[in-house]
1. Among the listed pairs Lys91/Lys197; Lys66/Lys154; Lys154/Lys202; Lys66/Lys91, which are separated by more than 26 Å between their Cα atoms?
2. Given a Förster radius of 35 Å and the C-beta distance between Val84 and Asp218 as r, what FRET efficiency does 1/(1 + (r/R0)^6) yield to the nearest 0.05?
3. Enumerate the whole-percent occupancy of each 10 Å bin, from 0 to the last occupied one, for all C-alpha pair distances of the stretch 93-160.
4. Can you give the relative contact order of the stretch 73-232 as a percent, counting alpha carbon pairs under 8 Å and 6+ residues apart?
5. If each of Arg67 and Ser116 carries a label point 7 Å out from its Cα toward its Cβ, how far apart are those two points in nm?
6. For the stretch 42-172, state what percent of all Cα-Cα pairs lands in each successive 5 Å bin, counting from 0 Å until the bin that includes the largest distance.
7. Starting from 0.36 nm per residue, how many nanometres of slack lie between Arg136 and Thr164 once their C-alpha separation is accounted for?
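Each reported figure results from applying straightforward, stated rules to the coordinates on display, with no laboratory input. Treat the numbers as computed from the prediction; the structure is a model and nothing was measured. FYI the Cβ positions are ideal-geometry reconstructions off the backbone, even for glycines, and counts take in every protein chain you see.
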Amino acid sequence: MWKEGESEGLQTLGIVVVLCSLLKLLHFLGFIDLSDDKVEDDLEMTTVCHRPEGLEQMEAQTNFTKRELQVLYRGFKNECPSGVVSEDTFKQIYAQFFPQGDASMYAHYLFNAFDSAHNGSVKFEDFVTALSILLRGSVREKLSWTFNLYDINKDGYINKEEMTDIVRAIYDMMGKYTYPALRRDAPRQHVDAFFQKMDKNKDGVVTLDEFMMSCQEDENIMRSLQLFESVM
């Protein structure tokens, strides 16, 4: 059986891991290395010679300024000269972040959340759209993005099979550092706790509205959503 408070803590594990691991990914790709000397150096800004088309349109569609988009694109091109990121790249990055475990499945699910066009590659525009939500979006936008990550088959619901797959991927990624220590039935108990809290009408699936309502009632989850607010 879970110790007192342990089950409730596990209910926020997925969202916290999403945000913390994304922070590592974005730092690796150069997205959040926006120190003052880089942002204010106009001469250095001229080195961004391969700007994506429609920079003004991207500015209008996101919560970034044109200047920020230029700096973000420079960091992206430095780490991804081809202009796109593949799923294999995601897996390689997360293998470095979590060498004590197997991050391949988690990287797969996260890649699919970024790959909004479902064409097997993530462009700069895809990253910027996600960044705009995760860094400066509303609570509803952030939770909707997270819900989409968990909704593996994109049918608008999270079922127990999907949540079990996500939880197993998180446990596999954390490896020997998983807390509490992994037991054979740990993923199932985590999923049961998730559905006990989030499946308001007890119909076996969690809708976006149920997910939103439950997360906004949870102080720990709401605090975790603030992790990115001071990044930029």
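1. Check vs 26 Å cut-off fails for Lys91/Lys197; Lys66/Lys154; Lys66/Lys91.
2. Calculated value: 0.45.
3. Taking all Cα pairs of the stretch 93-160, the binned fractions are 19, 45, 34, 3 percent.
4. Relative contact order of the stretch 73-232: 23 percent.
5. 2.6
6. Bin by bin from 0 Å, the calculated values are 2, 10, 17, 19, 20, 15, 9, 5, 2, 1, 0.
7. Numbers: separation 28, 0.36 × 28 = 10.08 nm, distance 2.94 nm.
Net length gain for the segment: 7.1 nm.
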